[in-house]
1. Being among the β-branched types (Val, Ile, Thr) and not in a loop (DSSP other than H, G, I, E, B) is the requirement here; does B:ILE7 meet it?
2. Which one of A:CYS72, A:CYS97 is modelled with pLDDT of 95 or more, more than 7 Å from chain B (Cβ to nearest Cβ), touching a Ser or Thr at 6+ places or on another chain (Cβ under 7 Å) and more than 30 Å from B:ILE23 (Cα to Cα)?
3. Going by the conditions given, is A:GLU2 modelled with pLDDT under 95, farther than 30 Å from B:LEU4 by Cα and more than 7 Å from every other protein chain (Cβ to nearest Cβ)?
4. What are the residues in the range B:19-49 that are of a type in the set (Asp, Glu) and either more than 7 Å from chain A (Cβ to nearest Cβ) or not in a loop (DSSP other than H, G, I, E, B) (or both), if any?
5. Given the residues B:GLU50, B:GLU37, which is the only one that is within 23 Å of the chain's Cα centre (by Cα) and within 19 Å of A:ILE18 (Cβ to Cβ)?
6. Name the residue, out of A:MET46, A:MET71, that is touching a residue at least 60 places away in the same chain (Cβ under 8 Å) and either of a type in the set (Asp, Glu) or within 28 Å of B:GLY51 (Cβ to Cβ) (or both).
7. Which condition number does B:GLU78 fail, the rest of (1) more than 29 Å from A:GLU82 (Cα to Cα); (2) modelled with pLDDT of 95 or more being met?
8. Can you tell me which of B:ALA85, B:ALA112 is of a type outside the set (Ser, Thr, Tyr) and either more than 8 Å from chain A (Cβ to nearest Cβ) or touching a Ser or Thr at 6+ places or on another chain (Cβ under 6 Å) (or both)?
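The values are calculated or read from the model by the stated rules, or taken from the named source; none is laboratory data. Small disclaimer: the values here were computed from a predicted structure and weren't measured. Heads up, the Cβs are rebuilt from the backbone with ideal geometry, glycines too, and the neighbour counts pull from every protein chain shown.
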Amino acid sequence: MEMTEIQRQIIILTQEGIPITSSPYKDISHQLGITEEEVVKQIKLMKDLDIIRRFGASIGHRDIGITANAMCVWNVPDEDVEDVGRLMATIDDVTHCYARPRHPGWPYNIFTMVHSYTRDDCLAIAKEISKLTGIDNYKVMFSEKEFKKTGIRL
Amino acid sequence: MIQLDKIDKKLLNLIQLDFPLDIYPFRILADKVGISEDEVIKRMQRLKEEGAIRRIGPIINSRNTGLVGTLVALKVPEDRTEQIAELINSYPEVSHNYLRPGDYNLWFTLSAPNSERLQEILEELRQEAQCPMMDLPTIQLFKIGVKFKIK
């Protein structure tokens, strides 16, 4: 999917966050020499084209008490990856779910991220996922320290 | 920790997935929540200042923007984690970087404009860190819908 130059510029001008003012697209529209309506129209279009996954707020989840973040890794038989991955993705507390390659000494091939208020919550959610999918070879890895967290930037 | 009342929580749950795409988004939010636009703006400015909102903007789809990404795990001796984490963070292509328990203890995500640049960064890190590394690119994406349920 090729982006137009104006779309690329809109992403660059909004990716650090739009201002919280009544007309948040005013400055951007001036800079680009288009109307505010056109800026919004292009954002909608990029959403439809899946250039933008979503347009919205990124939450400082730690600052509001959602401090537990667990990467759960699962050893799933290759032939079941598709079904199990889809099933795991249906669970609300699972924010991310990916199939990734195994490595020598690393048998885990599905990765899910679980965020919640406490570590116990995360462990309970992992147990639930295990029960739901029948996969009991898994590991829960909490984050002990956040060295960096930003969004992907152009 | 940031104190949130009912209206703050309602706003936070609303703006993660369904931030109104309109030239006056806060006016629409005001109608949905039943308070004035000024109050929405005042509350959201506080939430941003205090860190509950990091930013309001696009979450880009790295695939459709031509970026290539991966998840990388490094096995780093405990006394070098800070130093190597700093090295990893020095790349603007790195978006997340966490210390996790286990042999492979540094976990970071990386996206670059093309796979040559991605491989170049991995090679530089291999050289600099001299630690075992696992490159774990996505084979299949089942979900990426970061929305936190604020209770």
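1. Numbers: among the β-branched types (Val, Ile, Thr): yes; not in a loop (DSSP other than H, G, I, E, B): yes.
Spelling it out, B:ILE7 is indeed among the β-branched types (Val, Ile, Thr) and not in a loop (DSSP other than H, G, I, E, B).
2. Working: A:CYS97 fails: more than 7 Å from chain B (Cβ to nearest Cβ).
Selected residue: A:CYS72, the only one of A:CYS72, A:CYS97 that is modelled with pLDDT of 95 or more, more than 7 Å from chain B (Cβ to nearest Cβ), touching a Ser or Thr at 6+ places or on another chain (Cβ under 7 Å) and more than 30 Å from B:ILE23 (Cα to Cα).
3. yes
4. First pass over the range B:19-49, keeping only residues of a type in the set (Asp, Glu): B:22, B:31, B:37-39, B:49.
Answer for the range B:19-49, where residues must be of a type in the set (Asp, Glu) and either more than 7 Å from chain A (Cβ to nearest Cβ) or not in a loop (DSSP other than H, G, I, E, B) (or both): B:ASP31, B:GLU37, B:ASP38, B:GLU39, B:GLU49.
5. Exactly one residue qualifies, and that residue is B:GLU50.
6. Details: A:MET46 fails: touching a residue at least 60 places away in the same chain (Cβ under 8 Å).
Residue meeting the stated conditions: A:MET71.
7. Here B:GLU78 meets the rest and fails (2).
8. On the way: B:ALA85 fails: either more than 8 Å from chain A (Cβ to nearest Cβ) or touching a Ser or Thr at 6+ places or on another chain (Cβ under 6 Å) (or both).
Being of a type outside the set (Ser, Thr, Tyr) and either more than 8 Å from chain A (Cβ to nearest Cβ) or touching a Ser or Thr at 6+ places or on another chain (Cβ under 6 Å) (or both) holds for just one of B:ALA85, B:ALA112, which is B:ALA112.
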